[in-house]
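Scroll down for the structure; my scribbles are underneath it.
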Amino acid sequence: MKTTGKRSLVLYFLIALFVAGLGFFLAEFAFQGGEWAIQPFNKHITQGGVSGTITDRDNTVLAQSSNGERIYNEDPAVRCAMLQTVGDTRGYISTSVQYVYRAPLSGYNLVTGLYSPTGGGNGSKIQLTLDAELCKTAYNAMNGRKGSVLVYNYKTGEIVCMVSSPTFDPASPPADLDTDETGKYDGVYLNNVLSGLYTPGSTFKIVTAAAAIENISNLDEKTFVCNGSVVINGNKINCTGTHGQIDFKTALARSCNVAFGELSVELGSEAMQKTAEQLGFGKRYSIDGITTAASVYDVEDATSDGLAWSGIGQYTDLANPYHMARLMGAIANGGTPVEPYFIKSVTTSFGLVTQSGHAIQGDSLMTAQTAERLKGYMRNNVTSYYGESLFPGLEICAKTGTAEVGGEKEPSAWIVGFSQRQDTPYAFVVVVEEGGSGIQAAGGVAGAVLQQAAK
């Protein structure tokens with residue numbers, strides 16, 4: 001009897017192992033089946049490339065296959081504008097749709113694998129939330145300059161414009177794409193919106209302002225004296241002008257380095273670090289299967305002058321455009337963001353929808369009261385300083401930035417913000433590398449894109 005009992009225990013143990021192994025296999029199959037299907041040993045898939053179709057929000061075809069050849073949109077400007085989103089034929093852009101979604105575009109789905117019940121081509125159709133014409137407008141407005149543009153609906157989460165530069169025409173790649181030594185194609189396989197990191201300059205003053213709102217009770221009554229510079233810990237911090245005695249609201253509108261440097265020191269490194277992390281610095285985000293770069297803010301070991309520079313958006317600060325646009329959407333939404341996305345739907349060749357984008361509310365970044373005050377300050381920036389003529393009729397709340405990047409390079413130009421009109425609920429970010437003036441360079445791009453988006 002004892003022998004039988006021991007044998008039963010061994011049998012039960014083996015059955016448990018089998019069931020656990022089967023469960024693990026089924027889980028891996030469900031989540032990794034697509035990756036298995038497109039491994040190099042499946043040469044009829046990997047050598048033939050993707051076969052599905054990618055369209056914009058209005059079903060304008062961006063990429064499709066015909067007779068084994070990948071065909072892109074007929075407009076060269078659209079092709080260049082959407083390169084980093086759609087992808088290149090060689091698969092070098094690892095955050096592109098053609099790379100991340102290569103399994104469904106090759107025809108794989110969990111129900112039928114690579115088999116097509118209808119016969120013929122079985123690649124899925126992927127519809128994006130992006131507007132091809134709007135991306136083209138952004139590409140033309142960038143005028144060959146490096147940088148990034150993102151516009152999304154902060155109520156629905158739909159990204160309507162995402163453009164990264166430098167770029168090239170995937171239908172006719174330049175002969176010197178991989179051999180050029182001038183730097184004109186540096187970073188061409190990178191989507192700057194999702195993977196880029198830039199010194200934020202004065203756009204970071206929004207974060208400093210949020211910290212001040214939450215930690216200084218008489219903020220709106222405070223005044224600062226700007227004589228063009230201030231010395232903190234033996235380090236001279238220059239301002240963009242000589243503003244005299246100004247209150248906080250005016251200091252933000254005039255982007256006064258003296259006021260924000262002194263304010264950062266008053267707040268202290270602990271409060272500044274806490275607010276930055278609360279607003280998303282140091283965090284990577286996932287968007288439709290793609291992980292973004294994490295914005296950087298670290299003042300743990302900063303001296304008082306370093307802390308002052310950090311609150312101005314310099315020091316070691318780095319910001320990711322996607323993160324900054326998401327932050328703008330949170331302010332516009334009363335402190336809580338709707339998560340951005342750009343995959344509207346994935347539909348198999350036989351009509352099964354395997355993925356559908358929709359609005360998902362993220363975690364709150366700030367109180368509604370803080371968001372409302374930031375909105376008021378940012379609206380004042382436009383009405384009292386930037387000028388409504390840059391965004392006629394759109395009721396824009398914004399903050400510009402001119403970020404010093406060192407060396408002999410011109411500053412990077414930034415603008416972040418959103419429209420508070422109910423019929424144009426767009427949050428946006430524009431970065432123009434070596435653009436100089438935030439208002440002129442980045443603001444000009446944002447104005448052109450937002451006017452088109454409002455039509």
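Here's the yes/no breakdown for (1) surrounded by fewer than 22 Cβ atoms within 10 Å (Cβ to Cβ); (2) within 17 Å of the chain's Cα centre (by Cα):
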residue	(1), (2)
Cys135	no, yes
Val160	no, yes
Gly187	yes, yes
Pro200	no, yes
Phe204	no, yes
Val207	no, no
Ser229	yes, no
Gln245	yes, no
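Taken over segment 172-185, the criterion of being in contact with a Pro (Cβ under 7 Å, 6 or more places away or on another chain) and either charged (D, E, K, R) or not in a loop (DSSP other than H, G, I, E, B) (or both) is satisfied by Lys184 alone.
Residues that are more than 17 Å from the chain's Cα centre (by Cα), within 17 Å of Ile415 (Cα to Cα) and among the small types (Gly, Ala, Ser) within segment 137-146 comprise just one, Ala141.
With respect to Phe260, is the statement that it is part of a helix (DSSP H, G or I) and at negative phi true?
Spelling it out, Phe260 is indeed part of a helix (DSSP H, G or I) and at negative phi.
Of Ala302, Ala294, Ala319, all but one fail to be within 22 Å of Thr400 (Cβ to Cβ) and of a type outside the set (Phe, Trp, Tyr); the exception is Ala319.
One residue stands out among those in segment 374-418 that are among the charged types (D, E, K, R) and farther than 23 Å from Gly157 by Cα: the one that is farthest from the chain's Cα centre (by Cα), which is Glu408. Looking only at residues in segment 305-328 that are among the hydroxyl-bearing types (Ser, Thr, Tyr) and touching a residue at least 24 places away in the same chain (Cβ under 8 Å), the one that is farthest from Glu158 (Cα to Cα) is Ser310. Taking first residues from segment 353-379 that are among the basic types (Lys, Arg) and partners that are buried (at least 21 other Cβ atoms within 10 Å of the Cβ) and part of a helix (DSSP H, G or I), the Cβ contacts under 8 Å between residues at least 6 apart in sequence or on separate chains come to Arg373/Ile213; Lys375/Ile331; Lys375/Ala332. Phe224 meets the conditions (1) surrounded by fewer than 23 Cβ atoms within 10 Å (Cβ to Cβ); (2) closer than 25 Å to Ala442 by Cβ; (3) aromatic (Phe, Trp, Tyr) in every case but one. The failed one is (2). Taken together, Thr347, Thr336, Thr367 contain a single residue that is of a type in the set (Val, Ile, Thr) and within 30 Å of Gln98 (Cα to Cα), which is Thr347.
Reported count of residues in segment 364-382, each being assigned to a helix (DSSP H, G or I) and either aliphatic (A, V, I, L, M) or under 16 Å from Gln440 (Cα atoms) (or both), is 6.
Throughout, read-outs are computed from the coordinates displayed, never taken from laboratory work. Here the structure is a predicted model, which is why all the values come from computation and not from measurement. Here the Cβ is made from the backbone with ideal geometry for all residues, glycine too, and neighbour counts use every protein chain on show.
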